[in-house]
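Take a look at the structure below.
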Amino acid sequence: RTRSNISHKGNFGTVLILGGWDGIEGAGHLAAKAALKVGAGKVYLCGGNIKNQPPEAIYVRRNLDEFNSILEKSDCIVAGPGLGQNANDYLYAAWLSKKPLVLDADGLNWLSKTKPTQRKNFIGTPHPGEAKTLLHSSSTKRFNLLKRLQKQYGGEWVLKGAGTLVTNSTDIYVNHFAHSILATAGSGDVLAGMIGGLIAQRLERPALTAVWLQSEAARIFLDQGETTILAGELLQNFSEAFAQLENKE
């Protein structure tokens, strides 16, 4: 990614996070911080109590008209981290919009229950349990689950876990990283925010790039002798992970 030294925040896109409701504020906060840390210029957070909100994120009241107003000027929506079960109208608005959309956690639960018409411009980020719920399936065959998700719902998919799978319209990629250091609460929220932040900056292959960057951030901790981390600690390694990615290109 090339970032001019004379750029301003308007050059790097705007992300709207729908999450962190009703006592699950931390998930929305992690997604918002991750979107900013990977380089998004602005992040709005429609979620919990303003008193607990990260100061770097812009507060949006839980009001549908206000949400729709921010949605219209956003470059990407990330919906689901810590959202809970009472956001149907907001999720429908996000789904029916033409904005790029990342669905995670409770956003995926909503998708499994409502089954709206297919949408092309979105990325789903389930873990295997959520994938089974989306398909009402007991299968453990991950490649099969991924193909069925894409056929039923459209879009692109990230099937999280050891050896995360990422699919687009034609290919399936396997992430070689597999370690329990990422098996911690909040790592999925971080990943969803990362994907949204990269989409807002119009980076190519945002899901694939985010998965690699998160794995690289975790690997840096492993190289330092750490075997367990807090999900939010991943953010401090993003710059170094980006540098490693640029060295590979």
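The values are calculated or read from the model by the stated rules, or taken from the named source; none is laboratory data. The structure presented is a predicted model; accordingly, all values stated were derived computationally and were not measured. Cβ coordinates were reconstructed from backbone atoms using ideal geometry, including for glycine residues, and neighbour counts include every protein chain displayed. Each accessible area value is taken on the protein alone, full model and side chains, heavy atoms only, with ligands, DNA and RNA left out. Shrake-Rupley method; radii C 1.70, N 1.55, O 1.52, S 1.80 Å.
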Q. Given the structure, is LYS9 farther than 17 Å from VAL102 by Cβ, of a type in the set (Lys, Arg) and modelled with pLDDT of 95 or more?
A. no
Q. Restricted to the range 212-239, and to residues that are touching a helix residue (DSSP H, G or I) at 6+ places or on another chain (Cβ under 8 Å) and of a type in the set (Gly, Ala, Ser), which residue is surrounded by the fewest Cβ atoms within 10 Å (Cβ to Cβ)?
A. GLY232
Q) Applying the selection to the range 199-232, what residues are among the aliphatic types (A, V, I, L, M), outside any helix (DSSP H, G or I) and closer than 17 Å to THR184 by Cα? A) ILE229, LEU230
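Confirm whether GLY20 is crowded, with 23+ Cβ neighbours inside 10 Å and in a loop (DSSP other than H, G, I, E, B).
Working: crowded, with 23+ Cβ neighbours inside 10 Å: yes; in a loop (DSSP other than H, G, I, E, B): yes.
Yes, satisfied.
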Q) All but one of (1) among the aliphatic types (A, V, I, L, M); (2) within 25 Å of ALA231 (Cα to Cα); (3) open to solvent by 20 Å² or more (accessible area, probe 1.4 Å); (4) without any contact (Cβ under 8 Å) to a residue 40 or more places away in the chain hold for ILE6; which doesn't? A) (2)
Q | Counted residues, the range 195-211 - those being open to solvent by less than 20 Å² (accessible area, probe 1.4 Å) and touching a Lys or Arg at 6+ places or on another chain (Cβ under 8 Å) | A | 1
Q.
Only one of LYS42, LYS33 is at pLDDT 95 or above and under 15 Å from GLY232 (Cα atoms). Can you tell me which?
A. LYS33
Q | the range 159-172, residues that are more than 12 Å from ARG205 (Cα to Cα), under 15 Å from the mean Cα position of the chain (by Cα) and either modelled with pLDDT under 95 or of a type in the set (A, V, I, L, M) (or both) | A | LEU159, GLY161, LEU165
Q. All but one of (1) more than 20 Å from LYS99 (Cα to Cα); (2) in contact with a strand residue (DSSP E or B) (Cβ under 9 Å, 6 or more places away or on another chain); (3) outside any helix (DSSP H, G or I) hold for VAL43; which doesn't?
A. (1)
Q | Checking GLU56 against (1) within 22 Å of ALA185 (Cβ to Cβ); (2) of a type in the set (Asp, Glu); (3) in a helix (DSSP H, G or I), the condition it does not meet | A | (3)
